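The values are calculated or read from the model by the stated rules, or taken from the named source; none is laboratory data. None of these values were measured; they are calculated from a predicted model. Backbone-built Cβ (ideal geometry, glycine too); neighbour counts: all protein chains shown.
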Amino acid sequence: MDTHRSQKLSIWRLTIVLQRALAFSCMALSLTLFVGCQTKQRANPVDPGGTSFEMPSVSFIACPDSNQILSIDSVTFAWKGNSSASVYRFGLVNSLSGQVYYPSTQYSSDWDTTRYAVFQHLDDSPYQFVLVTEYAGAGGYTTTYAKPFMVKTVAVPAILFVKKYTDVNAGSEFEIDVWVDGVQRVFAGDLAIAFDTKYLQLVTVAEGTLPEASGLTQMLVPDFGLSKVVSSANSLGEIDLSTAFLGSSSVGDTAISGTGSILKLTFTAVAAGQTSLSFRRANLRDVDDDPLVVGYGQVATVDVK
């Protein structure tokens, strides 16, 4: 009988030991799983809910230095994100005109994984490349980068076309401005601009925006509001004109200085092909009627589809 009780006691004690051991093992396993889950969460830097979340960022591989002046009309940007989950939006802004350039006319505003951009045929102007990055599927957490630089292919003072490159469909109207860049006290100008009538037909020539912004009145001769003047230009393939900038002496200035548009040329594209506009003559005179030496070697390219 004592032996039987002893055996029952031993079995009962063994059962208690096994239950305690099992409970400890379950606790240890639960703790391991919990710690494992927490460790996984901390190791995910693209999860906004994680304890080690990192804001999206990029490292530029190729780009101009900040405020660098480029002597060519093209620029390349390349970058690398801090995660394989990074997506991007980007564009190039002309700081003078406000025009936004994209790598191509097919650019989409949707987020994508593109990590480079090439811009060509840039006008002489200050620009700012803007890049925004975020993690795919984790919207609301974005980082923006801005890279300012300048394109200066013609030494100032200069007279030049803006836009330098135009892509247009046949049958469409488009505009190209004539700008002065870095000039001082220009009173008058005498210009001749050549174009190919096989591809382009002149519609009109109008005043630029710089004289009005300077508080001056601009005169154009001849009057391109007359059909016979426009017809003559289209027969010759040349725009021949004189212009002057007039102001009130009470204002204290009777000439233009600085950078901006002095003429707006409107054309119709009539046939597919690539053509260009060029200066045959570009003479500017100051308020003392002395000639100003300006650069004008640039052409404006028009690609008609």
The number of residues in segment 151-194 that are out of contact with any Gly (no Cβ under 8 Å at 6 or more places or on another chain) and either farther than 17 Å from LEU70 by Cα or β-branched (Val, Ile, Thr) (or both) is 27
Taking the condition touching a Ser or Thr at 6+ places or on another chain (Cβ under 9 Å) and either at pLDDT 90 or above or of a type in the set (A, V, I, L, M) (or both), does LEU70 pass?
yes
Would you confirm, using the coordinates I've provided, whether LEU236 is more than 30 Å from GLN120 (Cβ to Cβ) and out of contact with any Phe, Trp or Tyr (no Cβ under 7 Å at 6 or more places or on another chain)?
yes
Count of residues meeting criterion [among the charged types (D, E, K, R) and assigned to a strand (DSSP E or B)] in segment 191-208:
1
Residues of segment 106-118 satisfying the condition of being at pLDDT below 90 and in contact with a Gly (Cβ under 8 Å, 6 or more places away or on another chain)
TYR107
Pull up segment 89-105, narrow it to residues that are surrounded by fewer than 19 Cβ atoms within 10 Å (Cβ to Cβ) and closer than 12 Å to TYR116 by Cα, then point me to the one that is modelled with the lowest pLDDT.
PRO103
Can you tell me which residue among GLY237, GLY260, GLY225 is surrounded by fewer than 17 Cβ atoms within 10 Å (Cβ to Cβ), under 18 Å from VAL299 (Cα atoms) and in contact with a strand residue (DSSP E or B) (Cβ under 8 Å, 6 or more places away or on another chain)?
GLY237
